[in-house]
1. Step through the table entries 23/114; 23/43; 43/114; 12/43, compare each Cα-Cα distance with 21 Å, and write down the pairs that go over it.
2. Around residue 50, under 15 Å between beta carbons, what's the net of Lys plus Arg minus Asp minus Glu among the other residues?
3. Find the percent of Cα-Cα distances in the chain that exceed 16 Å, and round it to a whole number.
4. Add +1 for every Lys or Arg and -1 for every Asp or Glu among the other residues with Cβ under 13 Å from the Cβ of residue 16, and state the total.
5. Rounded to a whole number, what is D in µm²/s for region 17-73 from Stokes-Einstein with the Kirkwood radius over alpha-carbon pairs (10 °C, 1.306 mPa s)?
Amino acid sequence: MNIALMAHDNKKELMASFCIAYKSIFQAHHLIATRSTGILINKATGLNVNLLAYGSLGSQQLSARIACNEIDLLIYFRDVNVDNDANTFLLFKHCDVNNIPFATNIATAEVLIKGLEREDLAWRELLR
């Protein structure tokens, strides 16, 4: 599965910790992340991460992949105190249009990762 990972600046350490905790699950999948988040994940875990651009350009690149149904799961640890821009709205809209599960907090992310481990999301492969 193609898993996209994003995190606002003050959530990047949480993302790295999350990826360390679930490294055994993540290593069986293809990871894609915005550049600074991906670099941090790679350094913390050694996982291979396909890096997109920094910031909003990376968000736009990811949104395009989601719109083309190339992503199976999005985990986006976001700071609710940061203004959510049009790029964020577009990410979520494309996820909804393409039935792509996404999490914006650690609680939901853990539910999705455990579902991924149990192969509950295998139906996504039928949609590609």
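1. Correct reply: 43/114.
2. Details: positive: 35, 65; negative: 70, 72.
Cβ neighbours under 15 Å give a net charge of 0.
3. That tail contains 58 percent of the Cα-Cα pairs.
4. +2
5. Numbers: Rh = 11.7 Å.
Estimated via Stokes-Einstein, D reaches 136 µm²/s.
Each reported figure results from applying straightforward, stated rules to the coordinates on display, with no laboratory input. Source: prediction; values computed, not measured. Using ideal geometry, Cβ is built from the backbone for each residue, glycine included, and neighbour counts are taken over all protein chains shown.
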